[in-house]
1. Going by what's in this entry, would residue 302 be described as crowded, with 20+ Cβ neighbours inside 10 Å, modelled with pLDDT under 90 and in the same structural domain as residue 105 (by TED's automatic domain parsing)?
2. Being farther than 18 Å from residue 126 by Cβ and either at pLDDT 90 or above or more than 16 Å from the chain's Cα centre (by Cα) (or both) is the filter here; which residues of the stretch 164-188 pass it?
3. Hey, can you tell me all the residues within the stretch 399-410 that are closer than 16 Å to residue 68 by Cβ and either out of contact with any strand residue (DSSP E or B) (no Cβ under 9 Å at 6 or more places or on another chain) or not in a loop (DSSP other than H, G, I, E, B) (or both)?
4. Since residue 369 meets every condition but one in (1) outside any helix (DSSP H, G or I); (2) modelled with pLDDT of 95 or more; (3) under 22 Å from residue 77 (Cβ atoms), which condition does it not meet?
5. Output yes when any residue across the stretch 61-71 is assigned by TED's automatic domain parsing to the domain that holds residue 392, under 25 Å from residue 282 (Cβ atoms) and in contact (Cβ under 8 Å) with a residue 60 or more places away in the chain, and no when none is.
6. Looking at (1) under 16 Å from the mean Cα position of the chain (by Cα); (2) not in a helix (DSSP H, G or I), can you tell me which one residue 419 breaks?
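The values are calculated or read from the model by the stated rules, or taken from the named source; none is laboratory data. Values in this document were obtained by computation on a predicted structure and should not be read as measured data. Don't worry about glycine lacking a Cβ; one is built from the backbone with ideal geometry, like all the others, and counts go over all protein chains shown.
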């Protein structure tokens with residue numbers, strides 16, 4: 001640790017650390033394409049994941065027919081306008097383990113079971129979104145965004161005997177490191193664009209210049225300090241400077257791409273009062289992140305497992321998790337279906353936003369691959385089989401259809417297939433046993 005007797009004042013050092021390690025300080029440097037969209041040679045593909053909690057009312061989700069002419073059951077009916085950009089997948093299964101809700105969230109993208117314990121020895125696996133982020137993050141200022149609607153203090157109780165970390169996220173950077181999901185739109189905005197409060201070009205330029213000067217100052221002063229420090233402190237400073245240089249690369253990328261035009265957007269005021277308003281704002285931030293090429297990988301938990309959120313706005317004042325254990329009570333089943341329908345409706349509105357946002361020679365919807373679904377099927381039984389999964393977006397879907405795979409096909413097989421399409425080939429992921437057939441899901 002650098003002592004304050006040295007040349008760098010504590011205040012400057014803290015700001016330097018914030019710039020290099022706490023990325024929101026520098027995220028006002030919104031990247032832009034160096035070339036005009038009109039001359040872009042190839043589209044940029046993005047990955048999205050939208051996770052819904054507490055299972056699904058499967059009889060109102062699963063199409064009754066297979067193939068391109070499949071029927072849209074009530075819960076997925078809002079997606080019918082996107083028939084040519086949606087593939088519904090049946091028969092996929094998650095890996096079994098203890099902790100029904102903990103395993104549902106954890107295995108969704110990792111294909112790994114949860115480990116019983118109080119959190120001192122977490123164990124899962126790297127999630128497929130983070131495998132993508134390792135590749136795509138080389139080209140963007142933010143490798144990935146992890147978003148949620150529920151706060152960690154909102155998720156309620158966790159699975160008995162399991163760390164809350166398992167239900168608080170679906171993204172893992174490695175087998176022992178879960179990534180936190182941010183639910184405050186203001187925080188997300190400031191991570192993306194800095195704390196200047198707007199995407200206005202003049203404000204962003206001033207922010208870029210300020211951050212660039214700060215980095216120059218920190219690098220020079222730390223370099224001077226190195227001459228009088230011991231080997232251990234020099235090693236620490238070398239690591240620090242490596243981080244600073246990485247941020248400097250991001251600054252240069254933003255400056256080089258400064259001709260990119262952005263929608264004029266003001267900073268969100270905070271967390272809206274209803275699920276619909278909150279979700280719409282978070283989806284809009286995702287669309288903006290894709291549009292600016294700020295990141296190409298986003299995971300979004302519409303709800304955390306065991307979420308007790310209520311939905312009075314749609315006439316469901318009951319807590320979600322208790323309703324999901326409906327015990328075949330018709331009234332509870334109807335309310336659960338309403339919640340499931342609301343979530344899909346919000347997703348459909350997001351797809352419409354992507355479809356109406358130009359991107360290269362098409363739209364953002366043409367150039368994204370979004371996985372939507374839950375880590376649990378029948379919530380009343382905590383079912384791991386036949387998970388509710390669909391994939392949307394022209395980056396992977398040629399023709400909309402319902403595909404039914406053999407019972408017990410690992411969900412991780414889908415992830416391997418999608419990673420292949422994104423140019424991120426992986427030999428194995430969690431409990432995967434191979435790839436899914438190539439023809440139904442192939443890169444456009």
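1. Taking the combined requirement at face value, the residue does not satisfy it.
2. Residues satisfying the conditions are 164, 182, 183, 186.
3. Selection gives 401, 402, 403, 404.
4. Failing condition for residue 369: (3).
5. Yes: one or more hits.
6. It fails just one condition, (2).
Conditions (1) within 20 Å of residue 375 (Cβ to Cβ); (2) over 13 Å from the mean Cα position of the chain (by Cα), marked per residue:
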{"residue": "273", "(1), (2)": "no, yes"}
{"residue": "276", "(1), (2)": "no, yes"}
{"residue": "288", "(1), (2)": "no, yes"}
{"residue": "292", "(1), (2)": "no, yes"}
{"residue": "296", "(1), (2)": "no, no"}
{"residue": "308", "(1), (2)": "yes, yes"}
{"residue": "315", "(1), (2)": "no, yes"}
{"residue": "318", "(1), (2)": "no, yes"}
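Rundown of residues vs (1) outside any helix (DSSP H, G or I); (2) closer than 27 Å to residue 278 by Cβ; (3) in contact (Cβ under 8 Å) with a residue 12 or more places away in the chain, yes/no style:
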| site | (1), (2), (3) |
| --- | --- |
| 322 | no, yes, yes |
| 331 | no, yes, no |
| 335 | no, yes, yes |
| 345 | no, yes, yes |
| 352 | no, yes, yes |
| 383 | yes, no, yes |
| 386 | yes, no, yes |
